[in-house]
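Colleague: Sharing a structure with you now.
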Amino acid sequence: VVPNRIYDPEAECMPRDERRKLQAAGLRRTVEQAGKIPFYRSRFEELKVTPESIQSVDDLKRLPFTTKQDLRNAYPFGFFAVPRAELARIHASSGTTGKPTFVGYTRRDLDLWSRLCARFLVAGGLTPDQLVQVSFGYGLFTGGFGLHAGIERVGAAVLPASSGNTQRQILLLEDAGINTLICTPSYALNLAETITAMGKKGKLALRYAHLGGEPWTEEMRAGIEEELGIRAFNNYGLSEIIGPGVSGECAARCGMHIQEDQFIVECLDPETLEPVAEGEQGELVITSLNKEACPIIRYRTRDLARLDRGKCACGRTTMRMSRIRGRSDDMMIIRGVNVFPTQIEEALLRVDGTAPHFMIELSRPGNLDEAAIKVEIRQQDFSDKMEAMHKLRDRIAREVSAITGLHFNIELVEPNTLERFTGKAKRVIDNRKLN
Ligand code: ADP
Ligand code: K
Ligand code: ZN
């Protein structure tokens with residue numbers, strides 16, 4: 001049983017009408033801050049939006065949406081609302097093509113972010129006496145550094161293992177006597193099964209895991225918990241909003257509590273962009289309320305989920321969101337890393353000899369994702385010389401890895417063998433069993 005602890009009771013358990021007033025003030029502040037960004041300034045002018053005209057949360061529907069494409073159009077720093085001198089950190093998330101999307105933080109933004117991570121970590125059982133292994137990559141992705149700061153803030157000790165090298169991860173878990181594991185759910189399952197296979201099941205000090213970054217299921221949770229003898233908690237976030245810390249589960253584990261004092265989350269029909277009926281599935285659209293460097297308004301996450309305004313046993317008054325049930329675009333999440341088919345297309349464009357016809361195939365033979373690309377060769381470049389074909393394959397793998405940071409198995413296929421599409425191309429076959 002996980003004790004019910006609350007890191008920030010004032011914010012997390014605030015009466016709802018009081019929080020709505022706080023949100024209105026935050027929204028007004030955000031409109032003011034966002035007005036420093038040319039994209040928002042011109043939208044606000046068109047829509048006749050001024051900070052003073054924001055009276056309540058209902059005014060949100062007067063505000064413009066923001067898409068990943070909008071962020072991309074302003075590459076690299078066009079969505080930063082503060083001068084460079086005020087920046088304290090820059091992270092990046094994968095763009096839809098070769099270039100990343102940068103997100104910036106001021107000192108105050110970093111302070112806020114670590115507070116939000118501390119909240120969901122404590123909700124899921126983290127206490128200052130624990131030893132925590134972070135097996136998220138430390139780098140441009142928000143997972144590693146984000147969780148790291150949250151753990152330190154709670155007062156627990158952090159072991160920044162970073163990602164990769166499963167044998168070494170297990171050695172650290174065992175020899176350091178780690179209590180809490182942080183990684184993606186699929187990696188946790190992989191660790192769990194490897195630990196069992198090594199005959200170390202039940203011999204570790206592990207008690208908790210905080211998992212996120214990719215979709216997972218209750219069946220996966222049951223497997224992770226059974227193999228490791230722990231409690232595993234789900235947390236959600238995305239770089240464009242702040243990183244991990246947007247929402248997370250409490251001990252009751254009936255959805256992830258949204259940090260509503262900092263974000264307004266709408267659940268909209270992705271076609272009409274109108275709110276779905278209460279409790280129905282829709283696209284999450286998120287607005288920040290206190291961010292300085294990158295205030296963001298009505299960001300279309302493309303993540304599909306349900307919202308629950310019901311009361312929670314833990315005493316938090318915040319609304320909860322379900323697991324992510326899917327995406328309203330073609331983004332794939334491979335080993336926790338976001339990948340768009342357009343990134344693969346861009347990589348192929350850099351390689352002479354390939355036709356722009358390809359098919360991506362995803363599978364999960366064990367617990368980890370495998371990704372393969374079938375690439376068509378142009379007639380004139382097709383060769384029965386093995387060496388030439390090997391060189392071409394390696395070249396493609398390198399370009400794809402340069403853009404996505406992931407290894408794909410490349411399979412070259414003969415000219416005119418892949419399906420041609422008349423409508424919207426369907427370039428991904430996902431054989432991983434999720435949802
Ligand atoms: P990170 O670096 O933390 O993975 P990104 O911004 O790269 O963050 O990825 C964010 C995306 O990852 C989200 O939009 C969502 O699709 C997915 N994601 C993050 N956490 C979860 C989660 N707990 N469950 C399902 N999907 C998640
Ligand atoms: K992700
Ligand atoms: Zn709760």
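Colleague: Using a 1.4 Å probe and ignoring any ligands, DNA or RNA, find the accessible area of Glu152 and quote it in Å² to the nearest 10.
Modeller: 110 Å²
Colleague: Could you run the Debye sum over the Cα atoms of the chain, one equal point scatterer each and no solvent, and tell me log10 of I(q)/I(0) at q = 0.10, 0.12 Å⁻¹, two decimals?
Modeller: Cα-only, vacuum Debye calculation for the chain: -0.74, -1.05.
Colleague: Cα gyration tensor of region 144-231, axes a ≥ b ≥ c as square roots of the eigenvalues: rounded (a/c below 1.5), prolate (a/b > b/c) or oblate?
Modeller: In terms of gyration-tensor shape, oblate.
Colleague: Oh, and also: Skip the ligands, DNA and RNA, and give the accessible area per residue of region 9-329 with a 1.4 Å probe, whole Å².
Modeller: With all protein chains present, region 9-329 gives 39 Å² per residue.
Colleague: Can you tell me the Rg and Dmax of region 154-313, counting just the alpha carbons, in angstroms?
Modeller: 17.9, 54
Colleague: At 0.36 nm per residue, and after removing the present C-alpha to C-alpha distance, how many nm does the segment from Glu225 to Asn416 gain when stretched out fully?
Modeller: Gain on extension, Glu225 to Asn416, equals 64.0 nm.
Colleague: Order the following by accessible area, largest value first: Met331, Met321. Probe radius 1.4 Å; ligands, DNA and RNA are ignored.
Modeller: Met331, Met321
Colleague: Continuing with this model, one more query. How do Leu206, Leu47 rank by accessible surface area computed with a 1.4 Å probe, from largest to smallest?
Modeller: Values: Leu206 10, Leu47 80 Å².
Highest to lowest solvent-accessible surface, that is Leu47, Leu206.
Colleague: Could you please state how large a percent of the accessible area of the chain is carbon and sulfur, counting protein chains only and using a 1.4 Å probe?
Modeller: Reported share for carbon and sulfur atoms: 50 percent.
Colleague: Using all C-alpha to C-alpha distances in region 337-430, build P(r) with 5 Å bins and read off the rounded percent in each one.
Modeller: Bins of 5 Å from zero give 3, 13, 26, 26, 18, 11, 4, 1 percent of pairs.
Colleague: Then there is this: Just want to confirm a number: the relative contact order over the chain, from Cα pairs under 8 angstrom separated by 6+ residues, in percent.
Modeller: 15 percent
Colleague: Enter the accessible area of Arg298 (Å², nearest 10), with the probe set to 1.4 Å and all protein chains included.
Modeller: Solvent-accessible area, nearest 10 Å²: 10 Å².
The values are calculated or read from the model by the stated rules, or taken from the named source; none is laboratory data. None of these values were measured; they are calculated from a predicted model. SASA here: full protein model, heavy atoms, side chains in, ligands and nucleic acids out. Shrake-Rupley method; radii C 1.70, N 1.55, O 1.52, S 1.80 Å.
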